[in-house]
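Shown next, in C-alpha cells, is the structure this report addresses.
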Amino acid sequence: MTGTVTALTNPAARDRRSAHVRAAALHRLRERGFVVTEIAGESPAESSELAARAVADGTDALVVIGGDGLVFLAWQVVAGTGIPLGIVPAGTGNDHARALGIPTDPVAAADVIVGGRTRTIDLGRATPVGLRPMWFGTVLASGFDSLVTDRANRMRWPRGHLRYNAATVAELANLRLLPYRITLDGNTFDIEATMVSVGNASSYGGGMRIAPNARLDDGLFDVVVVTSASRSRLLRLFPTVYRGTHVDLDEVTVCRARSVRLDCPGITAYADGERVGPLPVDIEAVPDAGRVFVP
C-alpha cells in the first residue's frame, strides 16, 4: 500500500522511547513511499478534532503512534467509516496491538501498514445514560478495577504500573461486594459482584487476559463476573488473570451476549483504559465497525 496517511501522536509522551518509536515509524512509512501528515493536539479534544478533519479530508488511513488511550481516541473518529486504522504501539499496555498480533518494534509495526492487509473487527459501543456513545476495542471494566483506576487517576505518584499497584493495595482495604443489576440481551438479573468486565478482546491492563476466549469478530461480548469479596482470594486470583485461567474458578462466571446493560451505584465504567462515564451504561457489540491493518 502507498498513499496519504495521517499519523496521530501524543505530544505528552516526551520520553526517549516514545520519541524513538515515533521517529522510526514515520521514517519507515516515508521511506516506503507514503505521504505522511503528522498531527498532535495539545489536548484529547484537539487531537480528536484534527483526526476527524483528516478523515473528512480523505486521508487513506489514520495511523496511531501511541498507546491504547490514543487508539481509543482514534476509534471515536474512524468507527463505521471504513477508514483503516494503523497501530504503532508506544504505550504502557498496548492491548490492541497484542490482540491483533502487531509487533512492538516500530519498524515492523510500520511494515504491517505498508503491507496493506486489513481486517474488519467488532467494536463495542458504550452509552452512559444521558451521555454520548463511545467506541472501544478491547475491554470495558467496572467495579473493583474501575475503583482502582479512579484512585490511580487521583494520585500524582508513583508513575506507570507502580501507581496502579499502589492504588490496588489501597482499594483492597475497601474491598466489598457491589450490588449490580446486569441485563444480557434483554434478560435482567441482580447479583453482588466485585467486578464485571465486558470483553470485546481478551486482555486489558497490559496483558491481563480477563476474557481469554473473547474474539474480535464474533459479534458477541464475553461478560466476566467476579463474585469474591475475600482479599486473600482476590490477590491469589490476580496472577491467574495473566494466564486466563481465572475463568475456571468457582467465583468467576463468563456469559456471552450481544448487548449488555450494567448498573451499580457509584461505579464508573472505563473502556480501553479511558473513562466512559458512570453506570448505568448500555453496551452493544457492533460487527465490522472497525477496520485495522494486521500482519
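Values in this text are rule-based calculations from the coordinates and carry no lab data. Everything numeric here is computed off the predicted structure, so don't read it as measured data. Glycine gets a Cβ as well: all are built from the backbone with ideal geometry, and neighbour counts include every protein chain shown.
Alpha carbon centre of the range 69-117 versus the range 123-183: separation in Å?
Cα centres, the range 69-117 to the range 123-183: 23 Å.
Where does the Debye-calculated log10 I(q)/I(0) of the chain sit at q = 0.08, 0.12 Å⁻¹, using only Cα point scatterers of equal weight, no solvent?
These q points yield log10 I(q)/I(0) values of -0.33, -0.75.
Can you give the helix-only mean residue ellipticity at 222 nm for the chain, where every DSSP H stretch with n ≥ 4 adds -39500 (n - 2.57) and the sum goes over all residues, rounded to the nearest 500 deg cm²/dmol?
-9500 deg cm²/dmol
Which log10 I(q)/I(0) values does the range 40-84 give at q = 0.33 Å⁻¹ under the Debye formula, counting every alpha carbon as one identical point scatterer?
At q = 0.33 Å⁻¹ the computed log10 ratios are -1.43.
Let me spell out the model: positive unit charges on the Cβ of Lys and Arg, negative unit charges on the Cβ of Asp and Glu, origin at the Cα centre of the chain. What dipole size does that give, in debye rounded to 20?
The calculated dipole for the chain is roughly 760 debye.
If we restrict to alpha carbons, what Rg and Dmax does the range 4-116 come to, in Å?
12.5, 35
How big is the dipole moment of the range 149-228 about its Cα centre under a simple scheme where the beta carbon of each Lys and Arg is +1, that of each Asp and Glu is -1, and everything else is neutral? Debye, nearest 20, please.
600 debye
Using a 10 Å cut-off around each Cβ, can you sort Leu216, Leu262 from fewest to most neighbouring Cβ atoms?
Listing Leu216, Leu262 from fewest to most nearby Cβ atoms yields Leu216, Leu262.
Out of Pro89, Pro106, Ser47, whose Cα points farthest toward the positive end of the dipole of the range 4-116 (charges: +1 Lys, Arg; -1 Asp, Glu; placed on Cβ)?
With unit charges placed on the Cβ atoms, the residue in question is Pro106.
Specify, per residue and in Å³, the volume enclosed by the convex hull of the alpha carbon atoms belonging to the range 126-288.
108 Å³
In whole Å, what three semi-axes, largest first, describe the equivalent ellipsoid of the range 188-276 built from its Cα gyration tensor (square root of 5 times each eigenvalue)?
Sorted largest first and rounded, they come to 19, 17, 13 Å.
What ranking do Cys255, Cys264 get, fewest neighbouring Cβ atoms within 10 angstrom at the top?
Cys255, Cys264
Just want the ordering: Glu46, Glu171, from fewest to most Cβ atoms lying within 10 Å of their own Cβ.
Glu46, Glu171
Based on the Kirkwood radius over alpha-carbon pairs, what is the Stokes-Einstein translational diffusion coefficient of the range 96-216 at 4 °C with 1.567 mPa s viscosity, in µm²/s?
It diffuses with D of about 77 µm²/s by this estimate.
Let me know the charge dipole size of the range 11-144 about its Cα centre in debye, to the nearest 20, where only the beta-carbon of Lys, Arg (+1) and Asp, Glu (-1) is charged.
It comes to approximately 200 debye.
Give, as a single signed number, the net charge of other residues whose beta carbon lies under 12 Å from the beta carbon of Val148, with Lys and Arg counted +1 and Asp and Glu -1.
Once all neighbours under 12 Å are counted, the net charge is 0.
Suppose we keep just the DSSP beta bridges with both residues in the chain; what percent of those would be antiparallel, to 5?
Close to 75 percent.
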